1. How much length would be gained if the chain were fully extended between A:Ala74 and A:Lys182, taking 0.36 nm per residue of separation minus their Cα-Cα distance, in nm to one decimal?
2. Give A:Lys214/B:Lys46; A:Lys136/A:Lys295; A:Lys263/B:Lys61; A:Lys182/A:Lys214 a once-over and call out the pairs whose C-alpha atoms are over 27 Å from each other.
3. Counting every Cα pair in the range A:111-178, what percent are over 17 Å apart?
4. With 10 angstrom as the radius, rank A:Lys249, A:Lys119 by how many other C-beta atoms surround their C-beta, starting from the fewest.
5. Give me the mean projected area, in nm² to one decimal, of the convex hull enclosing the Cα positions of the range B:17-107.
6. How many times 2.2 N^0.38 Å is the alpha carbon radius of gyration of the range A:129-256?
7. Counting only other residues whose beta carbon sits under 9 Å from that of A:Ala248, what net charge do I get with K and R as +1, D and E as -1?
8. Where the Cα atoms of the range A:199-260 are projected onto their three principal axes, how long is each span, largest first, in whole Å?
Amino acid sequence: MSSFKTNRRQFIKLIGVGGAVFASGLPGVRRAFGGPKSRNAAEDFFFVQLSDTHWGFSGPPNPEAENTLKEAVARVNALPQAADFIVFTGDLTHTTDDAAVRRKRMAEFKEIVSGLKVKTRYYMPGEHDASLDAGKAFQEGFGRTHYSFDHKGVHFSVLDNVSDPEAKLGDAQIDWLRGDLKGVPADAPVVIFTHRPLFDLAPQWDWATKDGAKAIDLLGHWKHVTVFYGHIHQEHHQMTGDIAHHAAKSLIFPLPAPMSVAKKAPVAWDPEHPRRGLGFREITASGPERALALKEDSMEGGK
Amino acid sequence: MTRAASAVLAILLWGWAPSATAGKPERVIHITAKRFEFAPATIELKVGEPVILELSSLDRKHGFAAPDLHINAVIQPGKPTRVRLVPDRAGTFEFHCSVFCGSGHEDMTGQLVVRP
């Protein structure tokens, strides 16, 4: 335990060289959620977020698409310490009209990520996985599209804003979230995983959830909420009220900053820097407050 | 209300539309949607001219979203959706399909060009 703390703190201090860190506030939390205070609830831990792997994609934005996910698995396996769990925030596979190909891609994806040493893994769909069949193939391969779990004093809720192709959570899921959080104290840390941004980051680019404001309004009751999502293929940090929203890099190709160009299109592949803009994220929860620290890992140059 | 939202008055008309407003008939503009394009993709309008966009799908469910105008309509196959607009400011307003429809969904876009 002490070794973990020491190593993680050293690691966070060192990230200025190879990545960026972002402290996501869960300040002032005096009591961790999860029932009776246990040793588990007090332990520091970290997890890894991987996003937008788009297995099955081929095209000029990433001519080496067959390798990128496998390299990411190797990079995560090479971390000096094992994460408690790994979460994939959607678009595991690239879309296809062919239901058989969709299932084949999902099976191949599962086979590749089975090489991860960390065996506790959580999945959710992106629109590429689920919007053409209302999540049917995803559920066959990975289970439910919205659910929750608790881990060492933090409550995690996974939201599905893609199985409805109109990019909606739907009232039934929002009611489910309300019930899911019912027993969570207002000052307890809550982490939300989802694919699309819940807020209107750039509706002109389809970077929004049609009824995301309903979820944000609901979550406003809790004082320390952090949302991790994907979809936009780049790191992005924004607050809505007290809620922190963090988008992750993709593992297929980067997209431009919101509304920074006339037309949204993948950033052109650079053969000199074939992994530029690709990466994953480590999130450490520490202290009784469960303060979150983010470390952004680049796939470029083996850093 | 934002500046963009005040630029154009948009009203969704589900399955019907008046043929005219007081003294000024509405021009009906037919727009088809199919994977992965709108036709026409560029629609020219004039400030102050009321129009109805009649949106029809040729294949599957699509969407027609122009967020700067606060328009986000669903287009069901076999059931045209009508959107009434009265542009009150010149400009170019992007629209896109807001119902994920496959690998070319991201390219299913167009423009409303409002002339003075």
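1. The span from A:Ala74 to A:Lys182 would gain 35.0 nm if fully extended.
2. A:Lys214/B:Lys46; A:Lys136/A:Lys295
3. 49
4. Exposure proxy ranking, most exposed first: A:Lys119, A:Lys249.
5. Mean orientational projected area (the range B:17-107, Cα hull): 5.8 nm².
6. The value comes to 1.02.
7. Local net charge: -1.
8. If we take the Cα atoms of the range A:199-260, the spans are 36, 21, 17 Å.
Throughout, read-outs are computed from the coordinates displayed, never taken from laboratory work. Please read these numbers as outputs of a predicted model, since none were measured by experiment. Cβ sites come from the backbone with ideal geometry, for glycine too, and all protein chains shown count toward neighbours.
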